[in-house]
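One structure is given here, and the rest of the page talks about it.
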Amino acid sequence: MLLDPYYIQQDSNITISAEQASIFAKKECQDFNPIHDPDSKRFCVPGDLLFSLALKEYGVSKSMSFTFTNMVGDNIPLTFPEATSDDIVVTNAQGKSVLEINKSGETTQDLGLIESLIKNYVVFSGQNFPTLLMPLMKKHQVMFNPARPLVMYNSMSFEFDSLTLTNPLRVELAESKLEVESKRANEFLHFDIYDGDKIIGRGIKTVVVGGLKPYDHDAITAFADNYLANRNAF
């Protein structure tokens with residue numbers, strides 16, 4: 001399966017190494033957020049990898065929401081419990097919640113749909129910086145600190161009208177917003193899920209941008225240029 005190279009199953013636990021997490025972010029999501037680099041002091045496993053593992057484990061339901069409650073570090077054992085209800089809590093070795101899932105409606109374990117949703121969603125999600133976030137920061141005249149960038153996945157949710165695909169699935173941006181609150185901002189990325197040319201689902205990704213400072217075009221452009229250079233060199 002698509003996800004096999006990016007985790008290790010050990011009895012009832014799943015572990016993800018910093019190297020596995022970093023390669024997933026770069027290769028599958030085209031996400032070069034420094035927080036996913038193995039040598040980062042603030043390293044964390046990408047939320048998109050946790051989301052993808054949840055879909056592998058529980059399938060795709062017509063309505064699902066995912067809230068990221070704690071950062072996951074290098075080789076931290078994670079427990080994805082049996083789905084005995086529509087509310088599921090993924091925990092770390094200390095028993096603390098790292099991902100909270102709510103699902104409802106029809107559920108499918110169709111591997112084709114699961115992998116297609118994972119592939120298309122994580123690429124959409126990974127394009128946030130610089131493609132989606134840069135124009136929003138310029139519009140609101142704020143930005144994160146390039147020396148200590150803090151752009152954190154908060155949550156995502158989606159709803160499907162139908163779980164039956166007749167054409168290749170794709171995910172596209174519908175609307176983006178930034179709500180600024182003093183030293184932080186909440187970014188909202190609304191997206192549509194297509195079956196061919198027909199919208200069969202919709203969702204929203206929310207991101208927290210921390211350490212805000214006044215917008216400096218030259219500084220953030222230099223950061224973005226370096227980010228894109230790393231992406232192109234990968």
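Can you tell me which residue in the range 123-147 is most open to solvent (accessible area, probe 1.4 Å), limited to those that are among the aliphatic types (A, V, I, L, M) and in contact (Cβ under 8 Å) with a residue 24 or more places away in the chain?
Going through the range 123-147, the residues among the aliphatic types (A, V, I, L, M) turn out to be 123, 132-134, 136-137, 142-143, 147.
With the extra rule that they be in contact (Cβ under 8 Å) with a residue 24 or more places away in the chain, the set shrinks to 123, 132-134, 136-137, 142-143.
Working: VAL123: 60, LEU132: 19, LEU133: 1, MET134: 35, LEU136: 16, MET137: 3, VAL142: 21, MET143: 2 Å².
Residue satisfying both the conditions and the ranking: VAL123.
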task = For the range 88-96, state whether one or more residues are among the small types (Gly, Ala, Ser) and either closer than 21 Å to ASN13 by Cα or touching a helix residue (DSSP H, G or I) at 6+ places or on another chain (Cβ under 6 Å) (or both).
result = yes
remark   = Considering only strands (runs of 3 or more DSSP E) wholly within the range 160-234, the ones with at least 3 residues that are aliphatic (A, V, I, L, M), in contact (Cβ under 8 Å) with a residue 24 or more places away in the chain and touching a helix residue (DSSP H, G or I) at 6+ places or on another chain (Cβ under 7 Å) are 169-181
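Go through the range 1-26 and give me each residue that's in contact (Cβ under 8 Å) with a residue 60 or more places away in the chain and either open to solvent by 70 Å² or more (accessible area, probe 1.4 Å) or in a helix (DSSP H, G or I) (or both). Please lay out each step first, then the result.
Within the range 1-26, the first condition is being in contact (Cβ under 8 Å) with a residue 60 or more places away in the chain, and the residues that meet it are 1-3, 10, 12-16, 25-26.
Selection gives MET1, GLN10, SER12, ALA25, LYS26.
Okay, residues lined up against (1) within 23 Å of GLU159 (Cβ to Cβ); (2) out of contact with any Ser or Thr (no Cβ under 8 Å at 6 or more places or on another chain):
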position	(1), (2)
LYS41	no, yes
LEU55	yes, yes
SER61	yes, no
PHE66	yes, no
ASN70	no, no
ASP74	no, no
THR79	no, no
SER85	yes, yes
query = In the range 59-93, what count of residues is obtained for those that are assigned to a loop (DSSP other than H, G, I, E, B), closer than 25 Å to LEU111 by Cβ and hydroxyl-bearing (Ser, Thr, Tyr)?
reply = 2
Matching residues, the range 148-169, being modelled with pLDDT of 95 or more, within 16 Å of the chain's Cα centre (by Cα) and open to solvent by 50 Å² or more (accessible area, probe 1.4 Å) = ASN154
query = Given the conditions (1) more than 25 Å from GLY210 (Cβ to Cβ); (2) buried (at least 20 other Cβ atoms within 10 Å of the Cβ), which single one is not true for ASN33?
reply = (1)
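The values are calculated or read from the model by the stated rules, or taken from the named source; none is laboratory data. All values derive from a computational prediction rather than experimental measurement. When we count neighbours, we look across all protein chains shown, and the Cβ atoms used for this are built from the backbone with ideal geometry, even at glycine. The accessibility values were calculated without ligands, DNA or RNA, using every heavy atom of the protein model including side chains. Shrake-Rupley method; radii C 1.70, N 1.55, O 1.52, S 1.80 Å.
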